[in-house]
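One structure is given here, and the rest of the page talks about it.
The values are calculated or read from the model by the stated rules, or taken from the named source; none is laboratory data. As the structure is a prediction and not an experimental result, all values here were calculated from the model. With ideal geometry, Cβ positions are generated from the backbone for all residues, glycine too; neighbour counts draw on all protein chains shown. We work out accessible area using only protein heavy atoms, side chains counted, and drop any ligands, DNA or RNA first. Shrake-Rupley method; radii C 1.70, N 1.55, O 1.52, S 1.80 Å.
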Amino acid sequence: MSRSLVILYGSETGCAQDVAETLGRQARHRHFKTKVLSMDDYDKNSLIEEPFVIFVCSTTGQGAEPTNMKKFWRFLLRKNLPTDILCDLDCAVIGLGDSSYKKFNYPAKKLYKRLQQLGANILVERGDCDDQHYLGLDGEFIPWSQKLWQVVMEKFPTDVPVIPDDVLLPPSFRLEFLTDKNQQQPTPQHTLPGEFDLTLKQNKRITAQDHFQDVRHVEFSCPHPDFKYEPGDIAVIMPQNLPSEVDLFLEPLGWLEHADKLIQITPTSPDHALPHHWSNIMTFRDLFIYHLDIFGVPRRSFFEMLSFFTTNEDFTEKLREFASPEGQDDLWAYCMRPRRNVSEVMFDFKPFDIPLDFILDLFPRLQPRSFSIASSLNVHPSTMELCVAIVKYKTTMRRIRRGVFTKWLATLESGDVVPRVHITKGTMSLPPSIDIPLIAIGPGTGIAPMRSFIEERVFQGAKSNLLLFGCRYKDKDYYYQDQWKEYGEKGQLEVLTAFSRDQAEKIYVQDRIEEYAKKIWELIEDEQAKVVLSGSLDKMPEQVAYALKRVFMTEGGLNAQEAQEYFNLMNRTGQYQEECWS
């Protein structure tokens, strides 16, 4: 019986990839010949020949599949596929999501159902990992993977003993220093088709200097004729680590002396491959600047790998405890709750003896960040604009923490180039006609996609545009107020504002919805207005939905059940759309 295994993942932020690679290590400990690939990197025509596949897929947006599984998913949806085409395939599916979203784990649920429709043999029930679990995704992943391997080892028995968890597998890549002084220094990454290098035009703070939050209006230019986007689209940008902070990280590991040396990275087997955008030759420092996430909060798999390289036996035992199912409460208290990052964990458990070949197995990879575009291409040709909050907060350890992406963004100046930006579709779109009114609800930085919609609508000549914007203070964080005032004076926009801290009683956008219930009901019911909502997930979307249903009841005369059905219909028909984030 074949003991080959393919693990296919669909990942937007790296979580599903990390789970897939963890499953890959577990499989190799059980002597499976294992490949780990994104679904779109896999030759889908080979699927009918595979004996065993594990699918790992995350959720992006409002229940959408990740970008790197879209082609694979379209292939599986082909109507001409026979219902028994996968009858020889044993498989398992695990999804990663957040149950606070309405469409929790939709991609995994749809994939699971489609595999059954095509005759696949499902080995275990689908796993549904939930970010809302107090242990995060591991709250479901750990018991699910234990059950999976119990079933798998019965299905694919072997006489060879399982390699113990405390035995280090061979490295996936070989890192070698190049001694040829004449070697031309290459770029550390490649720009792939559909990606664009953008030049920064402006990076301007748009909150008051005495406001607690630094929010930036960021403008980029790109003269490339293929650079296009539509209102509601999303810019996906890869962050970089700051060189000065990278050097501080390398120094205690004894690696700073190698920072400027060229390295060559080579897979140790055909089952491993570098990401497409990586160069296989770069400086040692560039590896950490452009590719490795050394300042993010690590996942459990990091502690498992790190345990092999500490030189203190007590530390080795503690790290293995963190990686064990029994140690998840302690891991949450040590790492997840105070948001300790990789660099801080390394400091706590030093010294280490890390062979260079294991660097790519140990350190997680930097993952791209997604931002709603805050501009219309028709209004700003060859330009893309963003509205971004700089992430800065104090942890339970009383340490100042800065977001990896926004820390880098805050340092960018006019003329700096941001490489490898690509555009993806968002979950919201414009009304199909300029005669249909738009109700745009965008508190805080949720204003970003609303600005793109409103700019485009004004450009097209639409007159019926209603914006509901909420923030703390009119004089401190009322984004783009001059622009809204200008549109208002021209009869192109009506704005309802909610400044929550400018008076004793807090006022939010949902309060304005109920205050202007008659107007909003007439727009929705009589003129079929489209409603779009964007902003922080938290409680806001639920409260806005509640306020809208209250409007349907007070102005439309509906009872509670009818109001819910009316709202559900708006969701199904696309009359109501939202894009919120946690």
Residue set PHE227, PHE196; condition farther than 16 Å from HIS380 by Cα and touching a Phe, Trp or Tyr at 6+ places or on another chain (Cβ under 9 Å); output residue PHE196
Starting from residues that are open to solvent by 10 Å² or more (accessible area, probe 1.4 Å) and either under 25 Å from ASP526 (Cα atoms) or small (Gly, Ala, Ser) (or both), keep the ones in the range 433-450 and report whichever is farthest from the chain's Cα centre (by Cα).
ASP435
Within the range 31-43, take every residue that is of a type in the set (D, E, K, R) and touching a Lys or Arg at 6+ places or on another chain (Cβ under 8 Å) and give me the one that is nearest to VAL167 (Cα to Cα).
LYS33
Selected residue (criterion: surrounded by the fewest Cβ atoms within 10 Å (Cβ to Cβ)) from residues of the range 389-426 that are β-branched (Val, Ile, Thr) and in contact with a Ser or Thr (Cβ under 9 Å, 6 or more places away or on another chain)
VAL417
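Could you identify the single residue in ASP128, ASP159, ASP166, ASP197 that is of a type in the set (Asp, Glu), open to solvent by 70 Å² or more (accessible area, probe 1.4 Å) and free of Cβ contacts under 8 Å to residues at least 60 places away in the same chain? Give the steps one after another, and end with the answer.
Numbers: ASP128 fails: open to solvent by 70 Å² or more (accessible area, probe 1.4 Å); ASP166 fails: free of Cβ contacts under 8 Å to residues at least 60 places away in the same chain; ASP197 fails: free of Cβ contacts under 8 Å to residues at least 60 places away in the same chain.
None of the other options fit; the residue is ASP159.
Here is a yes/no grid of residues against (1) assigned to a loop (DSSP other than H, G, I, E, B); (2) crowded, with 19+ Cβ neighbours inside 10 Å; (3) not hydrophobic (A, V, I, L, M, F, W, C):
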residue	(1), (2), (3)
LEU8	no, yes, no
LEU23	no, yes, no
LEU47	no, yes, no
THR83	yes, no, yes
GLY95	no, yes, yes
LYS102	yes, no, yes
PRO107	no, yes, yes
ARG114	no, no, yes
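Whether any residue in the range 371-385 is open to solvent by 50 Å² or more (accessible area, probe 1.4 Å), in contact (Cβ under 8 Å) with a residue 40 or more places away in the chain, more than 30 Å from TYR229 (Cα to Cα) and over 22 Å from the mean Cα position of the chain (by Cα) is what I want to check.
Narrowing the range 371-385 to residues open to solvent by 50 Å² or more (accessible area, probe 1.4 Å): 378-379, 381-382.
Then keep just the ones that are in contact (Cβ under 8 Å) with a residue 40 or more places away in the chain; that gives 378-379, 382.
Okay, now just the ones that are also more than 30 Å from TYR229 (Cα to Cα), so none.
No, because not a single residue in the range 371-385 is open to solvent by 50 Å² or more (accessible area, probe 1.4 Å), in contact (Cβ under 8 Å) with a residue 40 or more places away in the chain, more than 30 Å from TYR229 (Cα to Cα) and over 22 Å from the mean Cα position of the chain (by Cα).
If we keep just the residues of the range 81-110 that are of a type in the set (A, V, I, L, M, F, W, C) and touching a Cys at 6+ places or on another chain (Cβ under 6 Å), which is nearest to ALA16 (Cα to Cα)?
Residue satisfying both the conditions and the ranking: LEU96.
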Hits in the range 41-59 (condition: touching an Asp or Glu at 6+ places or on another chain (Cβ under 7 Å) and touching a residue at least 60 places away in the same chain (Cβ under 8 Å)):
PHE52
Of the numbered conditions (1) surrounded by 14 or more Cβ atoms within 10 Å (Cβ to Cβ); (2) of a type in the set (S, T, N, Q); (3) assigned to a helix (DSSP H, G or I), GLN528 fails exactly one; give the number of that condition.
(3)
Sole miss for LEU135 among (1) crowded, with 20+ Cβ neighbours inside 10 Å; (2) touching a residue at least 40 places away in the same chain (Cβ under 8 Å); (3) of a type outside the set (Val, Ile, Thr); (4) in contact with a helix residue (DSSP H, G or I) (Cβ under 6 Å, 6 or more places away or on another chain) is condition (1)
